[in-house]
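What follows is one structure encoded as structure tokens, with my remarks underneath.
The values are calculated or read from the model by the stated rules, or taken from the named source; none is laboratory data. Not measured: the values here are computed from a predicted model. Neighbour counts run over all protein chains shown; Cβ positions are idealised from the backbone, glycine included.
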Amino acid sequence: MTKISRRQALVAGVAGAGAAALTRPALARGNVHWRMVTSWPANLPGPGVSAARLAERIAAMSGGRLTIDVYAAGELVPAFEVFDAVAAGTAEIGHTASFFWQGKVPAAVAFTTLPFGLTPPEHVAWIEQGGGQQLWDALYADHGLKPFMAGNTGFQMGGWFKAPVGSLEDLRGVSIRAAGVGAEVFRRLGMNAQAIPPAEIYPALQQGVVEAVEFLGPFSDIALGFHRAAPHYLWPSFNKPNGTGEAIVSLAALEALDSDLREIVATACSREATAGLAEADWMNGRAIDQLVHEHDTELARFPPDVIDAARAAAEEVMADLAAESPEAERVLDSYRAALRRLGGWSRVSMAPFLAVREAGS
């Protein structure tokens with residue numbers, strides 16, 4: 001009997017229902033098989049599930065004409081080498097977050113999130129209506145890549161801390177796992193911010209390599225067990241108000257597909273961007289309740305002096321980022337314009353509504 005790998009079984013299970021519908025012309029053209037490398041532990045609630053679901057959806061929508069093996073971080077390439085792996089042709093597609101590439105492509109960080117920046121729906125509006133996608137495409141084109149929104153972990157939390165945070169002084173000298181521009185903000189608050197791959201965060205926290213962790217929201221964080229090592233969960237997440245996951249696809253591989261398969265890839269990514277955000281919001285509501293009532297997690301708000309200092313630091317960091325390259329300046333100018341336009345609406349719509357809704361609860 002022929003043995004089937006776990007990945008083959010995953011894709012085959014979804015594609016099997018559509019296999020009978022394959023037409024002779026489609027079979028004659030031959031099916032396409034891709035490899036997806038990711039920055040996530042296998043099936044991590046949130047981004048890891050989004051990666052697997054994206055592969056499943058593409059297989060199902062294509063009737064099995066395009067199937068994808070999904071590799072967790074470290075199985076084919078390390079978590080922080082997804083960009084290079086797809087650019088080099090080691091894999092045809094990657095699932096990751098754009099702020100991991102800030103050192104290589106400084107402006108890339110904006111396409112995940114920026115401190116005190118766009119909320120999840122505002123970010124989508126910028127990408128789809130405000131020219132963000134065109135800037136993202138141009139930024140990655142020189143590397144032979146096409147980016148898509150393909151998941152979203154929504155609003156983030158401020159981070160897990162082993163000790164209470166009563167003032168800005170309590171943060172000085174504290175080591176924290178953080179990513180993106182937010183990591184630099186923490187550094188300017190006097191913290192020691194380290195970029196640690198997701199699968200390695202909990203051991204680092206448990207062993208004292210870091211004393212605090214900023215990762216995602218409660219849905220994903222509880223799965224990694226941070227609450228067992230750091231009981232103080234702070235909010236709001238001034239550093240990561242959005243959590244767009246990106247699919248990066250080799251332009252050569254994408255252009256080699258039939259036109260309908262190219263459209264399927266784009267549509268599947270768009271569908272996962274919506275599904276991931278809906279799942280994150282729904283599951284975060286349950287997870288935050290579990291943390292408080294079942295795990296004795298202490299929810300605490302960042303003190304005002306921390307927020308004020310972080311806002312000032314973020315403005316400095318953004319100015320430095322814009323000065324790194326003409327591309328970064330263009331992206332930041334567009335992002336800021338979107339923030340002004342969308343922020344004006346949010347101030348008279350979402351913000352006051354939430355205030356009056358909470359006042360009546």
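Before moving on, here are some points about what is shown:
- Figure legend. Inter-residue proximity from the stretch 318-346: first residues not assigned by TED's automatic domain parsing to the domain that holds Gly117 and assigned to a helix (DSSP H, G or I), second residues among the β-branched types (Val, Ile, Thr) and surrounded by fewer than 16 Cβ atoms within 10 Å (Cβ to Cβ), beta-carbon distance below 7 Å, spacing 6+ or different chains. No pairs are indicated.
- Residues in the stretch 259-282 that are among the hydrophobic types (A, V, I, L, M, F, W, C) and crowded, with 21+ Cβ neighbours inside 10 Å: Ile264, Val265, Ala268, Cys269, Ala273, Leu277, Ala280.
- Among (1) of a type outside the set (Phe, Trp, Tyr); (2) in the same structural domain as Trp34 (by TED's automatic domain parsing); (3) within 30 Å of Ala312 (Cβ to Cβ), the one test that Glu255 misses: (3)
- Boolean, Leu257 is farther than 30 Å from Pro304 by Cβ and assigned to a loop (DSSP other than H, G, I, E, B): yes
- Residue check, Glu329 of a type outside the set (A, V, I, L, M), at pLDDT 95 or above, surrounded by 12 or more Cβ atoms within 10 Å (Cβ to Cβ) and within 30 Å of Asp170 (Cβ to Cβ): no
- Only one of the listed residues (Ala87, Ala51) is touching a His at 6+ places or on another chain (Cβ under 8 Å), in contact (Cβ under 8 Å) with a residue 24 or more places away in the chain, assigned by TED's automatic domain parsing to the domain that holds Gly131 and surrounded by 22 or more Cβ atoms within 10 Å (Cβ to Cβ). That residue is Ala51.
- Pick from the stretch 156-171, criterion more than 19 Å from the chain's Cα centre (by Cα) and over 20 Å from Gln207 (Cα atoms), ranking: surrounded by the most Cβ atoms within 10 Å (Cβ to Cβ): Val165
- For the condition under 30 Å from Val49 (Cα atoms) and not in a helix (DSSP H, G or I), Asp289 does not qualify.
- In the set Ala230, Ala179, Ala223, Ala266, only one residue is outside any strand (DSSP E or B), touching a Phe, Trp or Tyr at 6+ places or on another chain (Cβ under 9 Å) and either under 19 Å from Ser50 (Cα atoms) or without any contact (Cβ under 8 Å) to a residue 60 or more places away in the chain (or both); that residue is Ala266.
- Qualifying residue in the stretch 97-112 (condition: surrounded by fewer than 20 Cβ atoms within 10 Å (Cβ to Cβ), at pLDDT 95 or above, closer than 30 Å to Pro218 by Cα and not assigned by TED's automatic domain parsing to the domain that holds Val306): no
- Residue identified as modelled with pLDDT of 95 or more, surrounded by 15 or more Cβ atoms within 10 Å (Cβ to Cβ) and out of contact with any strand residue (DSSP E or B) (no Cβ under 7 Å at 6 or more places or on another chain) among Ala309, Ala256: Ala309
- Here Val356 meets the list (1) β-branched (Val, Ile, Thr); (2) surrounded by fewer than 13 Cβ atoms within 10 Å (Cβ to Cβ); (3) under 21 Å from the mean Cα position of the chain (by Cα) almost entirely, failing just condition (3).
- Test: residue in the stretch 257-266 that is within 24 Å of Ser167 (Cα to Cα) and not hydrophobic (A, V, I, L, M, F, W, C): no
- Close pairs (6 angstrom Cβ cut-off, 6 or more residues apart or separate chains): assigned by TED's automatic domain parsing to the domain that holds Phe99 in the stretch 124-137, crowded, with 21+ Cβ neighbours inside 10 Å and aromatic (Phe, Trp, Tyr) anywhere: Gly132/Trp126; Trp136/Phe111
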